[in-house]
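The values are calculated or read from the model by the stated rules, or taken from the named source; none is laboratory data. On a predicted model such as this, the values are computed, not experimentally measured, just so you know. As a convention, Cβ positions derive from the backbone with ideal geometry for all residues, glycine included, and neighbour counts pool all protein chains shown. For the accessible areas, the whole protein counts, side chains as well, though only heavy atoms, and no ligand, DNA or RNA atoms are used. Shrake-Rupley method; radii C 1.70, N 1.55, O 1.52, S 1.80 Å.
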Amino acid sequence: MKNKNQFIFSNEILEIEEFHAMQAKNLINKLRQNDDQDVFIELDCMPNGNLNAFHYGNGLKSATIIKNLVGSFLAEDRPWLERKLYAAKNSEFKTNFQKGNEVGLWKRISANNYQEMLNWDKPFCIKNEKGITRIWHPEWRRLGYKNGFSTKGAIINFIFKEITYLQKFYSPLVAPECSPVWKMHYRLVFFAPAKEKQLDLIGGLWISRPEFKIYLDKNSLVGLISPLTTGDSFI
């Protein structure tokens, strides 16, 4: 069904394995920038054997979406999430691309070194600090241009014009109850209290689109990831 967030909402609730949840917590702890504010931090990943994390950032919007989706099929909103949203309503958290480089989420690439760094025989991603991603796949013609891939020329032009980063391509998951053309990733959302090392996994979202480039828009299919590892549950 459609909702005020302007995407299609699925009633399918997925879970995150404890092993992947702990991997995510350890990674977020390395990426935290300061401890003087309550913040939500989101982590995009393809949990398939390994965590396969590929982006992180301010999770306040995602936490609000989780609250709205939970409230759409439960009689009452969860008060613990309301309190956390209120505490973090004025928080500012930005993706630190240098930090992401240090922990191995991506590598800086430029017009001076792209020829040595790129292997056109394998799929990869190039991203900039505005959140725009270009995906290269050597079989993009067979898979289809409209599947979210870019040409070699577009990739090189992107590198020359932007501050960019090279990232491994992770095969997306298949969305539940969908045809294989619908690709999916997990967005885990953590609450990081000020001056505390303990992170709370509040759950997350699974986000799906009928292509390899997955993001939230009116054509996205979105569902909840239950925070079973925290002792809380949506069901």
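Considering only residues that are within 18 Å of Phe169 (Cβ to Cβ) and more than 12 Å from the chain's Cα centre (by Cα), which ones fall in the stretch 183-209? Across the stretch 183-209, the qualifying residues are Lys183, Arg209.
Tallying residues that are touching a Lys or Arg at 6+ places or on another chain (Cβ under 7 Å) and open to solvent by less than 40 Å² (accessible area, probe 1.4 Å) within the stretch 28-40 yields 1. Checking each residue in the stretch 194-211 for being in contact with a helix residue (DSSP H, G or I) (Cβ under 8 Å, 6 or more places away or on another chain) and either in a loop (DSSP other than H, G, I, E, B) or surrounded by fewer than 22 Cβ atoms within 10 Å (Cβ to Cβ) (or both) picks out Lys197, Leu199, Asp200, Glu211.
Screening the candidates Ile109, Ile126 for the property of being within 21 Å of the chain's Cα centre (by Cα) and of a type in the set (A, V, I, L, M, F, W, C) yields one hit, Ile126. Selection over the stretch 217-235 of residues that are open to solvent by less than 50 Å² (accessible area, probe 1.4 Å), modelled with pLDDT under 85 and either in a loop (DSSP other than H, G, I, E, B) or under 30 Å from Arg134 (Cβ atoms) (or both) gives a count of 3.
With open to solvent by less than 60 Å² (accessible area, probe 1.4 Å) and within 14 Å of the chain's Cα centre (by Cα) as the only criterion, which of Ile214, Ile156 stands out? Spell out the reasoning first.
Numbers: Ile156 fails: within 14 Å of the chain's Cα centre (by Cα).
Exactly one of Ile214, Ile156 is open to solvent by less than 60 Å² (accessible area, probe 1.4 Å) and within 14 Å of the chain's Cα centre (by Cα), namely Ile214.
Tell me which residues, restricted to the stretch 80-100, are out of contact with any strand residue (DSSP E or B) (no Cβ under 6 Å at 6 or more places or on another chain) and closer than 23 Å to Ser150 by Cβ. Phe97, Gly100 - these are the residues of the stretch 80-100 that are out of contact with any strand residue (DSSP E or B) (no Cβ under 6 Å at 6 or more places or on another chain) and closer than 23 Å to Ser150 by Cβ.
Can we say Ile41 is part of a helix (DSSP H, G or I) and either modelled with pLDDT of 95 or more or within 26 Å of Ile132 (Cβ to Cβ) (or both)?
Numbers: part of a helix (DSSP H, G or I): no; either modelled with pLDDT of 95 or more or within 26 Å of Ile132 (Cβ to Cβ) (or both): yes.
Answer is no for this residue.
All conditions in (1) open to solvent by 60 Å² or more (accessible area, probe 1.4 Å); (2) part of a loop (DSSP other than H, G, I, E, B) hold for Ala111, with the sole exception of (1). Ala53 meets the stated requirement of being within 23 Å of the chain's Cα centre (by Cα), closer than 30 Å to Val174 by Cβ and surrounded by 13 or more Cβ atoms within 10 Å (Cβ to Cβ).
Yes/no matrix, rows are residues, columns are (1) over 30 Å from Lys161 (Cβ atoms); (2) in contact (Cβ under 8 Å) with a residue 12 or more places away in the chain; (3) touching a His at 6+ places or on another chain (Cβ under 7 Å):
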residue: Asp35; (1), (2), (3): yes, yes, no
residue: Phe40; (1), (2), (3): yes, yes, no
residue: Leu51; (1), (2), (3): yes, yes, yes
residue: Asn58; (1), (2), (3): no, yes, no
residue: Lys122; (1), (2), (3): no, yes, no
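A quick yes/no check of all residues on (1) farther than 30 Å from Phe40 by Cβ; (2) at pLDDT below 95; (3) surrounded by fewer than 19 Cβ atoms within 10 Å (Cβ to Cβ):
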| residue | (1), (2), (3) |
| --- | --- |
| Lys107 | no, no, yes |
| Gln115 | yes, no, yes |
| Arg141 | yes, yes, yes |
| Thr164 | no, no, no |
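Considering (1) more than 19 Å from Trp106 (Cα to Cα); (2) surrounded by fewer than 16 Cβ atoms within 10 Å (Cβ to Cβ); (3) aliphatic (A, V, I, L, M); (4) more than 16 Å from the chain's Cα centre (by Cα), the lone condition that Val174 does not fulfil carries the number (4).
Under the condition of being part of a loop (DSSP other than H, G, I, E, B) and open to solvent by less than 60 Å² (accessible area, probe 1.4 Å), which residue from the stretch 78-95 is modelled with the highest pLDDT? Steps first, answer last, please.
Pass one, the stretch 78-95, residues part of a loop (DSSP other than H, G, I, E, B): 78, 88-95.
Next cut, open to solvent by less than 60 Å² (accessible area, probe 1.4 Å) only: 88, 91, 93, 95.
Numbers: Ala88: 90, Ser91: 85, Phe93: 89, Thr95: 94.
Taking the candidates together, the pick is Thr95.
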